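Scroll down for the structure; my scribbles are underneath it.
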Amino acid sequence: MFRSINKNTLIAGSFFFCVLYSLFVMRPFRSAMAAQIGTSDLTYFLLIVVLVMLLANPIYSLIVSRVKESRLVTYIYGFFILNLFLYAFINNLYPNNYAVGVSFYIWYNVFNFFVVSVFWAKTVNSFQTDDSKKYFGIISAFGSAGAWLGSQSVLIFLADLPVVAMLCASVGLILGIVLSRLLNSVSSDIIKKENSNFFTEISEQFIQIKSNKLVRQLLIYAFLWTCLATSLYFFSLEIINKYSTDVVEQRKIFSLADSVVTPISFFTQLFLTRFFLENKFFGIKFVLIAYGILFTVAFLAISGYMANILLSSSGVILFIILSAVMRPFEYAVNKPARESVYTTLEKSEKYKSTVFIDTFTNRFGDASGGLLFNALIVLGLSLSLAPIAIIPLAIYLSMQGRSIAAKSSA
């Protein structure tokens, strides 16, 4: 397997290492802030993120239409690097300010999805579909290594040094920009339409979604899995807050979860992802369908814990177990499978509609998951019954996964 790794794979992997290091060196601060906000108010902030994404995507689409592909990562990442320096400066002046913390939570959610989706858009356009099944797991493994280094940095010495973490993230993004310039694309630049104008440039994402059934199915799939994942995350926050309300202790728990998740993801990406995606018995169809099954099992486990049947004495253990199953499956198997499907799309779709899916749709799914969680509680369902009520969505996710696999292979 390792003999067949080409230069593009190594560059893309190193690029992803830097991106995920930048994300995960700040992720525990974001997660601890979410715990401090609480599940009852967190949905409002997720809705703000959705609004920001809705405004940001047309601007991004315009930039893609007017900027050379080779400079796109530089512009997008450069913007976020400037943001990080600004946050580091403000946080140094007001280290415990709630408004600064909340704004950082909103900003991180925008930053998180844009830097990753732009990375994948660049990478998807650098590999053919067959090669994506071979190498996307390896590239993801590089990312897991970066994520592990970032989470370990927080766990060991950065838990109470957010400003230093932000500066470390900036360095990672700068290195990512350098590596992105070395990555060879399948074709040199995005083809511009002859009748392109300002309106079509900012709305092309929506036009692509309307005209391509596969893109619409991918959008629905993204909405469903993020809705389910956020609902599961809200239940996890209830578990963590029940264990401890100390913000530094919560950061350590989230860092510990990241430290467990990342090696599992790394092993899976390095040795199993290619097998799952290329194997005739498994393949992309199996992976996309299996996600809904895993969500069903996870919600049943949460229900059992809340009913004092499963691991009732230690919710943190359940949180770690669920993290160790759900997140590696997303990072190591389902994400590469979806990106392999993306390689079948037109180049402009890879940079526009797929980024819209990975940013706005995912954030909208997040907000919807938060609304769903709170709606079930408001309606009077207990924390033991609410997870069961969400399971039909998980079944529908599997149905959509089956339809996407059939459409992409047609």
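So here's what we get for this one:
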read-out: For the chain, calculated [θ]222 nm from helices alone, where every DSSP H run of n ≥ 4 adds -39500 (n - 2.57); value: -27000 deg cm²/dmol
read-out: Choice from LEU318, LEU20, LEU379 showing the highest fluctuation, given a GNM over the chain with Cα pairs closer than 10 Å; value: LEU379
read-out: Estimated inter-spin distance, ASN308 and VAL171, nm [label 7 Å along Cα→Cβ]; value: 5.0
read-out: Rg in Å to one decimal, and Dmax rounded to a whole Å, for segment 1-106 via C-alpha atoms; value: 17.5, 51
read-out: For segment 36-95, diffusion coefficient by Stokes-Einstein and Kirkwood Rh (Cα), 4 °C, 1.567 mPa s, µm²/s; value: 92
read-out: Restraint check, LYS242/LYS335; LYS350/LYS407; LYS134/LYS407; LYS133/LYS252, Cα-Cα greater than 25 Å; value: LYS242/LYS335; LYS133/LYS252
read-out: Cleavage-rule hits (chymotrypsin sites (Phe, Trp or Tyr not before Pro)) in segment 226-298: DSSP loop, at most 12 neighbouring Cβ within 10 angstrom; value: PHE281
read-out: Simple Cβ-charge dipole of segment 215-369, Lys/Arg +1 and Asp/Glu -1, about Cα centre, in debye nearest 20; value: 360
read-out: Using distinct alpha-carbon pairs, which all enter the 1/r mean, Kirkwood radius of segment 323-405 in Å; value: 15.0
read-out: log₁₀ of I(q)/I(0) at q = 0.19, 0.22 Å⁻¹ - segment 258-391, Debye sum with one point per alpha carbon; value: -1.23, -1.34
read-out: Exposed GluC sites (Glu not before Pro) absent - longest run of the chain, DSSP non-H/G/I/E/B, at most 16 other C-beta within 10 Å; value: 1-193
read-out: The chain: equivalent-ellipsoid semi-axes (sqrt of 5 x gyration tensor eigenvalues, Cα, Å); value: 31, 25, 22
read-out: Contact order normalised by residue count of the chain, Cα under 8 Å, 6+ apart, percent; value: 31
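Coordinate-derived values only; no laboratory data. Given the structure is predicted, the values throughout are model-derived calculations rather than measurements. So basically every Cβ, Gly included, is an ideal-geometry build from the backbone, and we count neighbours across all protein chains shown.
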